[in-house]
Amino acid sequence: MEWLPSIVAVGVTIVVVFLVRFLESRIWASDPKEQQFRKQVYTALSLFLGMLIVIFLLPEGSNQDLAFGVIGLVVTGALAISSQSIIANGMAGILLRSLKKFKPGDFIEVSGSLGRVTELGLFHTEIQTDDRGLTTIPNALMVDQPVKVARASGTVVSATASLGYDVARQELTPLLLEAAHRAGLTEPFVRILDLGDYAVTYRVAGFLDETQKLLSSRSKLRGAILDCLHEASIEIMSPMYVATRNTDRLTSIPATGEAVDHHPVADVEREHQVFDKAELAGRIETKKRELSTAQTELADLANQLGTAGVENPSIRGKISARKQKMEHLVGEISELEELLRKAE
């Protein structure tokens, strides 16, 4: 019977682990926090605490001190090699969550990989790239390397062009600004980046309000630069081409059609198709934030009703409206999560 408490503790630990997983999949489905991340953290904590309880309940004479010593050595060794282990990614995942620099649906660039975040896990971050593929990045790398985040409030889109010294910058600047306007950018500006041996490198940039159109806007800006320069009879050619081309042709500007259809709607639809999983993850995150706000408002209204001490039809109506909104949001989140599972 000396081992009975330890056996009971093991059984309770197993039950708690399964209960945590059940609550995560059933009851916490509408919680605004990331389900997968929470499940991993809570399961690990449950196992660790259960192990400590089992050791505390060991009968006398069963080398309890030795067990604690072994745990201490394991923890110390794990921390010592954490820079190259799963624990390093776990620590980095917790750090990224606490910083909250980006969320699902945001554009990020790290170690040359550009894409939209689809999942924030305990050990890795998943992004969807412009070829619709999914790239898994270890969280330890996300901490060690600089991460460039396109802010949800808007970002700057830019492009560079190298033009010869025979074209005055006073002539080029208005054309590049016009190209930025055609690409749908606001507050455009032009800068000179380099004075090379054969050409001047210009950078034109502007503000983009909708970051989900980042890739298509970059393409539109480059196309608009070509159009504006060609319409002004200014060619973009490398020095090598200028030196070896046929002198019978004075310029190499392609003829433009009478009408050009840029199909902006189609470009946006293609971008939604490319980042379908990231788009769903971003919408789920937005709905969960709305649900969290509604839950907070409902709690405040309940407190107001309790402190009033009398029946208040106005507060009752607001409470009913918040509950309906929450039910609607839970349904939308469930539908979006089902679509997200199918997209995987």
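Taking the residues in the stretch 276-306 that are among the small types (G, A, S) and free of Cβ contacts under 8 Å to residues at least 40 places away in the same chain as candidates, determine which candidate is surrounded by the most Cβ atoms within 10 Å (Cβ to Cβ). Across the stretch 276-306, the extreme among qualifying residues is A294. Any residue at all in the stretch 157-180 that is hydroxyl-bearing (S, T, Y), part of a strand (DSSP E or B) and surrounded by fewer than 14 Cβ atoms within 10 Å (Cβ to Cβ)? Scanning the stretch 157-180, I find no residue that is hydroxyl-bearing (S, T, Y), part of a strand (DSSP E or B) and surrounded by fewer than 14 Cβ atoms within 10 Å (Cβ to Cβ), so the answer is no. Within the stretch 106-125, the residues that satisfy the criterion of being within 10 Å of the chain's Cα centre (by Cα) and either buried (at least 19 other Cβ atoms within 10 Å of the Cβ) or in a loop (DSSP other than H, G, I, E, B) (or both) are D106, F107, I108, G115, R116, V117, T118, E119, L120, T125.
Only a single criterion out of (1) in a loop (DSSP other than H, G, I, E, B); (2) crowded, with 18+ Cβ neighbours inside 10 Å is not satisfied by A92, namely (1). Residues in the stretch 105-126 that are farther than 25 Å from G184 by Cβ and either in contact with a strand residue (DSSP E or B) (Cβ under 6 Å, 6 or more places away or on another chain) or assigned by TED's automatic domain parsing to the domain that holds L280 (or both): V110, S113, T118, E119, H124, T125, E126. Only one of the numbered conditions (1) closer than 20 Å to I234 by Cβ; (2) assigned to a strand (DSSP E or B); (3) in contact (Cβ under 8 Å) with a residue 40 or more places away in the chain is not met by P188, and that is (3).
Here is a yes/no grid of residues against (1) at pLDDT 90 or above; (2) over 30 Å from S98 (Cα atoms); (3) under 32 Å from the mean Cα position of the chain (by Cα); (4) in the same structural domain as E279 (by TED's automatic domain parsing):
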{"residue": "Q145", "(1), (2), (3), (4)": "no, no, yes, no"}
{"residue": "Q170", "(1), (2), (3), (4)": "yes, yes, no, no"}
{"residue": "G184", "(1), (2), (3), (4)": "yes, yes, yes, no"}
{"residue": "L214", "(1), (2), (3), (4)": "no, no, yes, no"}
{"residue": "L221", "(1), (2), (3), (4)": "yes, yes, yes, no"}
{"residue": "D227", "(1), (2), (3), (4)": "yes, yes, no, no"}
{"residue": "V242", "(1), (2), (3), (4)": "no, yes, no, no"}
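The values are calculated or read from the model by the stated rules, or taken from the named source; none is laboratory data. None of the values given here were measured: they were computed from a predicted structure. We place every Cβ from the backbone using ideal geometry, glycine too, and count neighbours over all the protein chains shown.
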